[in-house]
Amino acid sequence: MSLPALVEPAAELTVDEVRRYSRHLIIPDVGMSGQKRLKNAKVLVIGAGGLGSPALLYLAAAGVGTLGIAEFDEVDESNLQRQVIHGQSDVGRPKAESAKDSIAEINPLVNVVVHDVRLDNDNVMEIFRGYDLIVDGTDNFATRYMVNDAAYFLGIPYVWGSIYRFDGQASVFAPTLVDDAPCYRCLYPEPPPPGMVPSCAEGGVLGVLCASIGSIQVNEAIKLLTGIGDPLVGKLMIYDALEMEYRKLKVRKDPNCALCGEHPTVTELIDYETFCGAISDEAADAAADATISVVQLEHMLKEREEGTRDFVLVDVREPNEYEINRIPGSVLIPKGDFLNGSALEKLPSDKQIVMHCKTGVRSAETLAIVKGAGYSDAVHVGGGVVAWVNQIDPSQPSY
Ligand SMILES: [Zn+2]
């Protein structure tokens, strides 16, 4: 099912533009009218990270007239493995500025609008307003639900994508454009339980996967803007890079959807951090009076060396994370062993247990389990190994 083009054609293309876009112009489906529509299009890309990098580069090269970039972060060395819009000399610069410079190099005819702020309930509607289409390259659930809801309230369709390790997904959500089209909440009514789904920072992502999914998003964006082909509305594309398999599933509109259903309960923006929960209630309770800093931990480790104190320092990350960096004197027992109960057999009953992970989210979850098993003096390390590397041992690599 094709949809009407989202954008009216611009009056004309200049001689320079005709030369630049000639390979588009000779495709009958795109042609002069499609390219003029791209010229008139205003597309907002959320995030200039894994998905945003290829999306911005190809949208710019394709001749989308106005490109918005919503990104507040700075370029980190660990981004360069996949965020190809940034280069070595951009490390430490705002990602939005770095992306803007790369776009100017690829296509100086694009008007770039930088939104160098963290999207929140106070600014999201104002930032979205005026764009024809949104490309969502967000990496967290709270922002995803906010993007979905704000786009719905404003009647703006959007192209969604997500990536993790070797797996990617993409879809187009356009419930205000097509009668029976689903929204993100129809597909995922509830966010996953906190701590259940690791982020890319915790679980990793194959760099080139970003290009696979980001280019699908651009492909869909171009189809929607110009009104060609059969867009991924009501369909979920699932990509498995290891098996090299694409599958397309039908996604139906949920008549009970809290947002776009028959009796909506979400009628304005909600508190998305609370909705998605940073950590579970149990973990928050367990960590409330049992969180130590890396400075405290360093002191405790010295005392253990001197023989005036004894405890077991447990790293609950995965083995491949442990190979990258570690706190000296820690033993590795991955979080999964706590969930299935086998970890408890490995813990001495007569020593204090000190737990840490990458940033403190997973260790708060395992802390709740260990405390529940009777280790009432167990603690976890706030900020995890990231804080350790930043504050105590900068000679170790971070990730
Ligand atoms: Zn819905």
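Yes or no: PRO255 assigned by TED's automatic domain parsing to the domain that holds TYR164, exposed (fewer than 12 other Cβ atoms within 10 Å of the Cβ), within 16 Å of the ligand (Cβ to nearest atom) and without any contact (Cβ under 8 Å) to a residue 60 or more places away in the chain? Yes.
Taken over segment 208-266, the residue count meeting the criterion of being β-branched (Val, Ile, Thr) and over 17 Å from LEU59 (Cβ atoms) is 6. The C-beta contact set for segment 322-337 (first residue charged (D, E, K, R), second residue at pLDDT 95 or above and surrounded by fewer than 18 Cβ atoms within 10 Å (Cβ to Cβ), distance under 9 angstrom, 6+ apart or interchain) comprises ARG326/LEU332. In summary, SER2 fulfils each of the numbered conditions (1) at pLDDT 95 or above; (2) over 25 Å from MET146 (Cβ atoms) with the single exception of condition (1). Checked against (1) touching a Lys or Arg at 6+ places or on another chain (Cβ under 8 Å); (2) among the aromatic types (Phe, Trp, Tyr); (3) surrounded by fewer than 18 Cβ atoms within 10 Å (Cβ to Cβ), TRP160 passes all but condition (3). Checked against the criterion of being outside any loop (DSSP other than H, G, I, E, B), buried (at least 24 other Cβ atoms within 10 Å of the Cβ), modelled with pLDDT of 95 or more and not aromatic (Phe, Trp, Tyr), the candidates ALA61, ALA55 yield just one match: ALA55.
Would you say VAL361 is among the β-branched types (Val, Ile, Thr) and modelled with pLDDT of 95 or more? Criteria not met by VAL361. Checked against (1) at positive phi; (2) surrounded by fewer than 23 Cβ atoms within 10 Å (Cβ to Cβ), GLY47 meets all criteria but (2). Taking the conditions exactly as written (in a loop (DSSP other than H, G, I, E, B) and either closer than 22 Å to PHE275 by Cα or more than 15 Å from the ligand (Cβ to nearest atom) (or both)), does ARG144 satisfy them or not? When the stated conditions are applied, ARG144 does not pass them.
Determine whether segment 203-216 contains at least one residue that is farther than 30 Å from GLU77 by Cβ, assigned by TED's automatic domain parsing to the domain that holds GLN81 and more than 16 Å from the ligand (Cβ to nearest atom). Among the residues of segment 203-216, not one is farther than 30 Å from GLU77 by Cβ, assigned by TED's automatic domain parsing to the domain that holds GLN81 and more than 16 Å from the ligand (Cβ to nearest atom), which makes the answer no. Note on segment 179-244: enclosed helices (runs of 4 or more DSSP H) holding 3 or more residues that are under 19 Å from the mean Cα position of the chain (by Cα), at pLDDT below 95 and surrounded by fewer than 22 Cβ atoms within 10 Å (Cβ to Cβ) are 200-203. Residues in segment 338-351 that are in contact with a helix residue (DSSP H, G or I) (Cβ under 9 Å, 6 or more places away or on another chain), touching a residue at least 12 places away in the same chain (Cβ under 8 Å) and of a type outside the set (A, V, I, L, M, F, W, C): LYS346 only. Residue count for segment 264-283 under the criterion of being more than 20 Å from the chain's Cα centre (by Cα) and either among the aromatic types (Phe, Trp, Tyr) or loosely packed, with under 13 Cβ neighbours inside 10 Å (or both): the result is 4. Would you be able to tell me the number of residues in segment 64-105 that are assigned to a helix (DSSP H, G or I), over 17 Å from the mean Cα position of the chain (by Cα) and not small (Gly, Ala, Ser)? Going through segment 64-105 one residue at a time, the tally reaches 8. The set of residues from segment 147-193 being of a type in the set (A, V, I, L, M, F, W, C), within 13 Å of the ligand (Cβ to nearest atom) and touching a Cys at 6+ places or on another chain (Cβ under 8 Å) comprises PHE173, CYS183, CYS186. Only a single criterion out of (1) of a type in the set (D, E, K, R); (2) part of a loop (DSSP other than H, G, I, E, B); (3) touching a strand residue (DSSP E or B) at 6+ places or on another chain (Cβ under 9 Å) is not satisfied by GLU262, namely (3).
The values are calculated or read from the model by the stated rules, or taken from the named source; none is laboratory data. Just so it is clear, the structure is predicted and the values come from calculations on it, not from any experiment. Positions of Cβ are backbone-derived with ideal geometry, glycine not excepted, and every protein chain shown enters the neighbour counts.
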